[in-house]
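Worksheet: one structure, shown below.
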Amino acid sequence: MTKPTCEDTLVVKKRDLKNDYFSLVLAPFSGAKSIKPGQFVHIRLPSTEIYFRRAFSVASVNPVKKEVEIIFKVFGRGTKILGKMRKGDSLDLLGPLGVPFSFPNKKERAVIVAGGVGFPPLMFLAEKMIERGHNPKQIEFFYGGRSKTELVELSRLKKMGIKLHLSTDDGSAGTKGLVIGPVEKYLKKHLNEKLKLFGCGPEKMLKAVDELGLKYDIKGQLALEALMPCGVGICLGCVVPLKAGGFARVCCDGPVFEIGVVNIAC
Amino acid sequence: MPVDLKCKIAGVEFANPIMTASGCAGYGEELAQIYPLSNLGALVTKSISLKVRPGYPPPRTVETPGGLLNAIGLANVGIDRFLNEKVPFLEQQKTKVIVNVAGSTIDEYVEVCSRLNDCSCADMIELNISCPNVNEGGIEFGTSPKLTEKTVAAARKVFKRPIIAKLAPNVTSIVEIAKAAEQGGADALSIINSVIGTAVDIDSWKPLLANINGGLTGPAIKPIALAMVSGVYRKCKLPIIGIGGITDYKDVIEYLLYGATAVQVGTALFVDPSAPLKIVKGLKKYLKEKKLKSVTELIGKVRR
């Protein structure tokens, strides 16, 4: 584990990605260069109403400028406050925290499954894979959401040269239906290749990816989300049940777990 | 002139009066990744029971205004694994170690305490007779003066170093329980454990904790805890370790003025793992400003 840093940072850039999605770039954060895809930062909100930090997976970093980008959708009290932050506002950041994704072998084809607001750590993963020499054409990025407006940063993903497969519940973009349908179809067609699954999204989706991995004997990793009072492993509040019995802390035993390990509830 | 933060409880000297509260710092490993534990007055471990306890299923925590409701279920590795896996690490740390002990029967308390008596790493033990979440985790001992005395006396027989009794706020008279603990042979009191509470989802109509009830901690409970520290200080001679909602050095000073000799920081560690370091810094500055030589000069000095 890299020693986490706790620092005040400034919002240096804010982008409205529409439909309540926002991107915030925070800097300077001296821990930025050590953040790996799948890891998260724990953010203290400038609010007297909210006492605990909120965890956000990192969407990208700029190690030179010591920038950390998070992308989120305004959903609850915490994200509501974050969504109102402006350039120049200060935020206290603790991180990097958690176990990151393991990069796939360059010969392996990465099948990435992103559901809704679960896409940022996977976009970061794809970006870093390419930076490390992975052929973008060997990255199949399945991205699903309720409707077209729920799929954000599409031009950014397209620019990466990866194979983007969109799906929406209402059919307003890409294939109609849940993201898992096209994923299974793809896996079935390519079972003779070396594949690696990666997933982040709603629990139902994660459970489905977990089941696909086990069904077709494809290894991979899932990034989980949980309410985390501490984020560093001391409160034991964020646990998930394991298939082998007992519990694991999402914050420091995860948030990235191997397929087949966690008993995903939904 | 340098200020002195040292304090003493039952003959054990602490570098400063800031300890971690049980259940809020694990066994110290995670915090030690962030800063040396020598910055703490003492590390108080998670409750150790005779057998390993996996704890309750999630959801285990709910954020409430100014606080946290938790029902972790005394998840811990049990005494065997504690001695084998955690003690070697704790022995390397340059801080005092207080091992918190929970049990479902007096025999279990005795067994764990006796094993800890042979473990020199445990400078003191803290008897958890007040966990609100686990029926067999202490609360039945800590809500009856008779059982409090009996449990403490039984532990006293097998553990030769100082014993702290950690008291529950959910009692008719905490002073009575404190006196019973003193009678049983306790050397100090930790006041208070978490306050019983619950919360419910108004859409699903389901409780927000799997265990339904939980223990409330955090700034919301500080006034409750302060009143209890104050009440016990006036009626009971044992040194008090104040617990409940301590976030910064100002909170610590309030506790000391009302009679606490030391304090434990709990929920604040979840927001800022480095809170104890900031508190120590703040305390030093305060003592200098007030021209006090030692932090002990504040104990019980409230002007009534």
Original post:
Counting only residues that are in contact with a helix residue (DSSP H, G or I) (Cβ under 6 Å, 6 or more places away or on another chain) and of a type outside the set (Gly, Ala, Ser), which one in the range A:28-47 is surrounded by the fewest Cβ atoms within 10 Å (Cβ to Cβ)?
Top reply: A:LEU45
Original post:
Restricting to the range B:41-68, what's the tally of residues that are more than 10 Å from chain A (Cβ to nearest Cβ), in contact (Cβ under 8 Å) with a residue 60 or more places away in the chain and buried (at least 24 other Cβ atoms within 10 Å of the Cβ)?
Top reply: 6
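Among residues belonging to the range B:4-27 that are small (Gly, Ala, Ser) and farther than 12 Å from B:THR95 by Cβ, point out the one that is nearest to the other protein chains (Cβ to nearest Cβ).
Taking the range B:4-27 as the starting set, the residues that turn out to be small (Gly, Ala, Ser) are B:10-11, B:15, B:21-23, B:25-26.
Checking the rest, the ones that are also farther than 12 Å from B:THR95 by Cβ come to B:10-11, B:21-23, B:26.
On the way: B:ALA10: 27, B:GLY11: 29, B:ALA21: 11, B:SER22: 11, B:GLY23: 8, B:GLY26: 5 Å.
Here the answer is B:GLY26.
Quick check on A:SER23: is it in a loop (DSSP other than H, G, I, E, B) and polar (S, T, N, Q)?
Details: in a loop (DSSP other than H, G, I, E, B): no; polar (S, T, N, Q): yes.
No.
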Subject >> B:GLU140 vs. criteria outside any loop (DSSP other than H, G, I, E, B), at pLDDT 95 or above and out of contact with any His (no Cβ under 8 Å at 6 or more places or on another chain) >> reply: no
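Give the residues of the range A:132-156 that are closer than 15 Å to A:LYS107 by Cα and charged (D, E, K, R), sorted by residue number. Don't jump to the end; show me each part of the working.
Keep residues of the range A:132-156 that are closer than 15 Å to A:LYS107 by Cα, which gives A:132-140.
Scanning the range A:132-156 gives A:ARG132, A:LYS137, A:GLU140.
Yes or no, residue by residue, for (1) touching a helix residue (DSSP H, G or I) at 6+ places or on another chain (Cβ under 9 Å); (2) in a loop (DSSP other than H, G, I, E, B); (3) within 13 Å of A:VAL41 (Cβ to Cβ):
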{"site": "A:THR79", "(1), (2), (3)": "no, no, no"}
{"site": "A:LYS87", "(1), (2), (3)": "no, yes, no"}
{"site": "A:LEU93", "(1), (2), (3)": "no, no, yes"}
{"site": "A:PRO96", "(1), (2), (3)": "yes, no, yes"}
{"site": "A:LYS107", "(1), (2), (3)": "yes, yes, no"}
Original post:
If you take the residues in the range A:219-248 that are part of a strand (DSSP E or B) and within 12 Å of chain B (Cβ to nearest Cβ), which one is surrounded by the most Cβ atoms within 10 Å (Cβ to Cβ)?
Top reply: A:VAL239
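Yes/no per residue for (1) more than 14 Å from chain A (Cβ to nearest Cβ); (2) buried (at least 17 other Cβ atoms within 10 Å of the Cβ); (3) farther than 22 Å from B:ILE163 by Cα:
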residue	(1), (2), (3)
B:ASP248	no, no, yes
B:LEU256	yes, yes, no
B:PHE270	no, yes, yes
B:LYS285	yes, no, yes
**OP:** Take the range A:249-266 and flag every residue that is within 11 Å of chain B (Cβ to nearest Cβ) and either surrounded by fewer than 19 Cβ atoms within 10 Å (Cβ to Cβ) or closer than 26 Å to A:TYR216 by Cα (or both).
**Re:** A:VAL250, A:ASN263, A:ALA265
Subject >> Selected residue (criterion: surrounded by the most Cβ atoms within 10 Å (Cβ to Cβ)) from residues of the range A:86-120 that are under 22 Å from A:ALA173 (Cα atoms) and of a type outside the set (A, V, I, L, M, F, W, C) >> reply: A:GLY115
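Just wondering, is there one or more residues in the range B:5-23 that are surrounded by fewer than 21 Cβ atoms within 10 Å (Cβ to Cβ), of a type in the set (A, V, I, L, M) and more than 25 Å from B:LEU256 (Cα to Cα)?
Initial filter on the range B:5-23 (surrounded by fewer than 21 Cβ atoms within 10 Å (Cβ to Cβ)): B:5-6, B:8, B:10-13, B:15.
With of a type in the set (A, V, I, L, M) added as a condition, the list becomes B:5, B:10, B:12, B:15.
After this cut, where a residue has to be more than 25 Å from B:LEU256 (Cα to Cα) as well, the list is none.
No - not one qualifying residue is present in the range B:5-23.
The values are calculated or read from the model by the stated rules, or taken from the named source; none is laboratory data. Computed from a predicted structure; not experimentally measured. Note: ideal-geometry Cβ built from the backbone for every residue, glycine included; neighbour counts use all protein chains shown.
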